[in-house]
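Q: First the structure, which I've put down as structure tokens, then a few questions once you've had a look.
The values are calculated or read from the model by the stated rules, or taken from the named source; none is laboratory data. Computed from a predicted model, the values in this text were never measured in an experiment. Quick reminder, even Gly has a Cβ in these numbers, built from the backbone with ideal geometry, and neighbours come from all protein chains shown. Side chains included, ligands, DNA and RNA excluded: accessible areas come from the protein's heavy atoms. Shrake-Rupley method; radii C 1.70, N 1.55, O 1.52, S 1.80 Å.
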Amino acid sequence: MTPKEETILKELREAQSFKALEELYKKYLGKKGEITLIFRELKNLPKEKRAEIAQKANALKGLVEKEFKLKSEILKKEAEKQSFEKEKIDITLPGKKIIPGHLHPLTKILREIEEIFSQMGFEVVGGPEIENEYYNFDALNIPKEHPARDMWDTFWLKEPKNPKSPEGVASRPYGAGKIQNPRLLLRTHTSPVQLRYMEAHEPPFRIIVPGRCFRHEATDAYHDVQFYQVEGLMVGKDVNLANLKAIVSEFLDIFFKKKIKIRFQPGYFPFVEPGLEVLISKDGRKWLELIGAGMVHSNVFKAVGYNPRNLQGFAFGLGLDRLAMLKYKINDIRLFYGGDLRFLEQF
Ligand code: YSA
């Protein structure tokens with residue numbers, strides 16, 4: 001091996017990076033590389049020398065290319081090794097815990113309720129949270145100056161200045177055309193949906209209406225400004241109070257998976273006659289009001305165009321939050337709406 005060949009090989013072997021190796025390749029075999037120039041100069045050499053020089057140049061070129069390939073492999077392996085070291089995964093390290101989301105306790109209870117009533121043949125229907133005075137009060141036999149309106153402290157909505165403006169139209173999308181009293185409010189109970197359903201359907205039927213209600217009242221452990229009710233309505237020819245009692249107590253027994261102690265007592269709601277309240281035993285001694293109920297008043301049937309002589313129906317409004325409180329043994333309704341994860345993560 002000539003000293004020149006030795007120098008070139010040494011340089012190639014000592015290259016520390018791909019970049020350095022590339023530079024060397026350029027230096028010897030690039031367009032203006034030293035070996036390339038030898039080939040270019042061949043034509044200027046005397047004929048007798050050409051063959052010998054060409055042979056030597058070819059040998060040198062072959063040597064450089066071989067060494068270049070070899071060194072490239074070495075550098076590639078080293079780079080791979082380094083990156084493996086860097087990206088090494090320690091499979092013995094404890095993993096990061098992924099906390100899955102889950103349903104809100106009230107949603108769970110809601111689904112259970114829907115399931116039970118569905119099995120009893122009830123259809124689940126919905127209605128608007130923004131209601132008008134007609135459905136929330138008037139058509140439920142609670143006209144404007146009726147003292148019973150005080151039972152439902154109401155959040156009234158501001159009227160749009162121009163009812164024909166886009167905001168005005170958008171603010172009362174529900175049946176505003178035909179009603180006499182379109183003042184808007186946040187519904188105080190789910191009972192208005194009774195009317196909406198009856199206007200559009202013929203008996204016999206049985207429905208439940210789960211939904212959010214709003215009341216402008218002071219909060220305490222059992223009252224909040226927003227809460228959920230589940231309305232029930234069954235209308236037909238022979239529906240009677242015994243049916244109401246049977247359905248309510250059957251539902252509660254299935255829901256709590258044991259025989260539940262309940263008490264029926266007279267209650268007053270203008271849209272039923274007779275009216276009653278269902279109380280449930282909190283701890284065997286104290287009683288909690290859970291449901292308002294009764295037989296649908298003839299004026300309600302008249303408001304939806306039914307003939308009250310041919311029909312009877314029962315209805316009830318159940319406090320879903322209170323049911324959830326009893327099931328989960330929670331002593332303050334406001335915990336459901338506080339968004340405190342320490343509370344919510346327990347379900
Ligand atoms: C009565 C007769 C019917 O034919 C149909 C429905 C009704 C119920 C009626 N619409 C009503 O709202 N009655 S109520 O004011 O007594 O409320 C019914 C239930 O909702 C209560 O028993 C209670 O469980 C729950 N509730 C009422 N106000 C609440 C509340 N839950 C939490 N916070 C509040 N502020």
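Q: How high is the FRET efficiency between residue 287 and residue 103 when r is their beta carbon distance and R₀ equals 41 Å, given to the nearest 0.05?
A: The computed FRET efficiency comes out at 0.90.
Q: Starting from the Cα of residue 150, step 7 Å along the direction of its Cβ; do the same at residue 112; then give the gap between the two resulting points in nm.
A: Between residue 150 and residue 112, the label points sit 3.7 nm apart.
Q: If you don't mind, there's one more thing I want to ask. If you wrap a convex hull around the alpha carbons of the stretch 8-102, what volume per residue comes out, as a whole number of Å³?
A: Output value, Cα hull per residue: 134 Å³.
Q: Next up: Tell me, in nm to one decimal, what length is gained between residue 158 and residue 5 on full extension, where the rule is 0.36 nm per residue of separation less the Cα-Cα distance?
A: 45.6 nm
Q: Also, I was wondering about something else. Using Cα atoms only, what is the angle between the long axis of helix 47-86 and the major principal axis of the chain, expressed in degrees (0 to 90) to the nearest 10?
A: Long axis of 47-86 versus the principal axis of the chain: about 30 degrees.
Q: What residue among 275, 95, 121 has the largest mean-square fluctuation in a Gaussian network model of the chain, using Cα springs under 10 Å?
A: 95
Q: Using label points projected 7 Å from each Cα along Cα→Cβ, tell me how many nm separate residue 342 and residue 14, to one decimal.
A: Placing both labels 7 Å beyond Cα along the Cβ direction yields 6.9 nm.
Q: Report the equivalent ellipsoid semi-axes for the stretch 1-47 in whole Å, largest first, defined as the square roots of five times the eigenvalues of the gyration tensor built from alpha carbon atoms.
A: 24, 14, 4
Q: I need two numbers for the chain: Rg to one decimal and Dmax as a whole number, Cα atoms only, in Å.
A: Just the Cα atoms of the chain yield Rg and Dmax of 42.4, 131 Å.
Q: Now a separate question. Once amide H atoms are placed 1.01 Å from N in the peptide plane, what residues at a sequence separation of 5 or more from residue 226, or on another chain, have their amide H within under 5 Å of its amide H?
A: 215
Q: Further question on the same structure: Rounded to a whole number, what is D in µm²/s for the stretch 195-284 from Stokes-Einstein with the Kirkwood radius over alpha-carbon pairs (25 °C, 0.890 mPa s)?
A: Rounded, D is 158 µm²/s.
Q: Rank-order 317-325, 334-342, 190-198 by packing density, defined as the average count of other C-beta atoms within 10 Å over each peptide's residues, highest first.
A: Descending mean neighbour count gives 190-198, 317-325, 334-342.
Q: Could you do me a favour and compute the accessible area per residue for the chain, 1.4 Å probe, result in Å²?
A: 60 Å²
Q: Under a point spin-label approximation (7 Å from Cα along Cα-to-Cβ), what is the residue 22-residue 216 distance to one decimal in nm?
A: The answer from the label model is 7.6 nm.
Q: Between helix 18-29 and the chain, what is the angle of the helix's C-alpha long axis to the longest principal axis, kept within 0 to 90° and rounded to the nearest 10?
A: Once rounded, the angle reads 30 degrees.
Q: Sticking with this one: With n ≥ 4 as the cut-off for DSSP H runs, can you work out [θ] at 222 nm for the chain, using -39500 (n - 2.57) per run divided by the number of residues, rounded to the nearest 500?
A: The per-residue figure over the chain is -12500 deg cm²/dmol.
Q: Can you pull the accessible area of residue 112 for me, 1.4 Å probe, Å² to the nearest 10?
A: In the full protein context, residue 112 sits at about 60 Å².
Q: How big is D for the stretch 219-347, in µm² s⁻¹ as a whole number, if Stokes-Einstein is applied with the Kirkwood radius of its Cα pairs at 25 °C and 0.890 mPa s?
A: Taking Rh from Cα pairs, D becomes 152 µm²/s.
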